[in-house]
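Input: a single structure, listed below in structure tokens.
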């Protein structure tokens, strides 16, 4: 385990499997996005970020996000301060491991920085919109440190394709 200190003085504890802040007070400063919202996408690929999610942006994010390819055909949208934390854990991956290289290349080749405009919108890159099958409507999900952007139909297909119930998965996840 090692401890890194950012320019702002924030301390990060890096272990084998996680990156996190060193104290409980610092953990409270992390983003905590939650909820689901449906919005439209305009012809330029712009989508509004809901006010209920924007209120969780930390000043360190400076209204800037990194959008990239997610899993299950969604997009991941990270505030830049959370993206920095993710980069710290990615830097711990081994460049000699083929899976680590593929993951790192795939995640980073699609990563694009974007900033909220005056109407609280971000512009999603065309290639990411195509990857996610997004045309004119999106489902925006708050998922703790990130925001996921889905085509609502793809999200519904994802949910109905699950073979285990939410309750069964919850039991396995929280089993100690």
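The values are calculated or read from the model by the stated rules, or taken from the named source; none is laboratory data. Given the structure is predicted, the values throughout are model-derived calculations rather than measurements. Here the Cβ positions follow ideal geometry from the backbone for every residue, glycine too, while neighbour counts run over all protein chains shown.
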For this session: Quick one: count up the residues across the range 120-149 that are buried (at least 19 other Cβ atoms within 10 Å of the Cβ), within 16 Å of the chain's Cα centre (by Cα) and assigned to a loop (DSSP other than H, G, I, E, B).
Result: 1
Exercise. Are there any pairs with C-beta distances below 7 angstrom linking a residue in the range 123-141 that is under 11 Å from residue 38 (Cβ atoms) to a residue that is at pLDDT 95 or above and in a helix (DSSP H, G or I), with the two at least 6 apart or on different chains, and if so which?
Worked result: 137/152; 139/152; 139/155
Problem set entry | Residue check for residue 82: part of a loop (DSSP other than H, G, I, E, B) and more than 13 Å from residue 111 (Cα to Cα) | no
For this session: Please state which one of 96, 85 is at pLDDT below 95 and either surrounded by 16 or more Cβ atoms within 10 Å (Cβ to Cβ) or assigned by TED's automatic domain parsing to the domain that holds residue 142 (or both).
Result: 85
For this session: Go through the residues of the range 150-158 one by one and say whether even a single one is in a helix (DSSP H, G or I) and buried (at least 18 other Cβ atoms within 10 Å of the Cβ).
Result: yes
For this session: Report yes if residue 93 is without any contact (Cβ under 8 Å) to a residue 60 or more places away in the chain and part of a loop (DSSP other than H, G, I, E, B), otherwise no.
Result: yes
For this session: Scan the range 23-38 and give yes if some residue there is at pLDDT below 95, crowded, with 17+ Cβ neighbours inside 10 Å, touching a helix residue (DSSP H, G or I) at 6+ places or on another chain (Cβ under 8 Å) and in a strand (DSSP E or B), otherwise no.
Result: yes
Problem set entry | Residue check, residue 57 under 13 Å from the mean Cα position of the chain (by Cα), closer than 19 Å to residue 138 by Cβ and assigned to a loop (DSSP other than H, G, I, E, B) | yes
